[in-house]
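Reviewing the structure listed below.
Nothing in this text is a laboratory measurement; each read-out follows from the coordinates by a stated rule. Given the structure is predicted, the values throughout are model-derived calculations rather than measurements. Reconstructed Cβ throughout: ideal geometry from the backbone, glycine too, with neighbour counts over all protein chains shown.
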Amino acid sequence: MKSYKTIKEEGYYLFEEKKSRFIGRAKPINTEQEALDYIQEIKTACWDATHNCYAYSVDSDALFQRYSDDGEPQGTAGLPMLEVIRKKNLQNVVVVVTRYFGGILLGAGGLVRAYSKACAGALEDAEEIFVQPCLKLNIPIEYHLSGKIQNMLLTEGFVIADTDYTHEVKYTVYSPVEKKELLEQKIREITGGVLRIEEVGIEKIRIDDRGNVLENKNKEKKE
């Protein structure tokens, strides 16, 4: 399981250039087949469009990057779209840009700019997020130490997903695998050597640019 940057949800961007309408659509995906299915979905829905150009980047067991100019002059649509995806360092995304020709030729440079703009606009609307495989841990702690533990977790960059208050405080925390030893060390320092951690499993967590956990997917339970 690898960390990567992707998009949160489907994105949409529409603009007009010299009477041609460009509609950019972006979607997060997990497999190449999902990318192909989405491309076909847009082609079916926009069957009357002049062009439905696309680009996608999928990193599962291997990296797959594909694009299509769909009848536009070679190198003026799909490849510039893929370059936008690459520059943003995004994975597991597909972008389709639909063009309704308005009767005025844009030239090669104009087409590159238009398709790049539509792709970038759709990705921006979809919101970039970070996906990271993390250990999910439950950490029970006595009330008088909970403030120090909470401050340490936030300072060291651990993600607090939930806090449960009963006879003690129980934090549900996401930790990168490589930072587990650091977490244990910090807890021992605060508690005077006492360490209680329940390891629930590994999950891919989706984090926005403010550090908020959006949702949890693809949980891998420990045996």
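If you check GLU9, GLU41, GLU34 for being in contact (Cβ under 8 Å) with a residue 24 or more places away in the chain and either over 12 Å from the mean Cα position of the chain (by Cα) or within 13 Å of VAL96 (Cα to Cα) (or both), only one passes: GLU34.
Of all residues in segment 90-97, at least one satisfies being over 22 Å from THR50 (Cβ atoms), touching a Pro at 6+ places or on another chain (Cβ under 8 Å) and not β-branched (Val, Ile, Thr).
Criterion first (within 22 Å of ILE129 (Cα to Cα) and in contact (Cβ under 8 Å) with a residue 60 or more places away in the chain) does ILE29 satisfy it? When the stated conditions are applied, ILE29 passes them. Looking only at segment 1-54, residues that are out of contact with any strand residue (DSSP E or B) (no Cβ under 6 Å at 6 or more places or on another chain) and in a loop (DSSP other than H, G, I, E, B) come to 8 in all.
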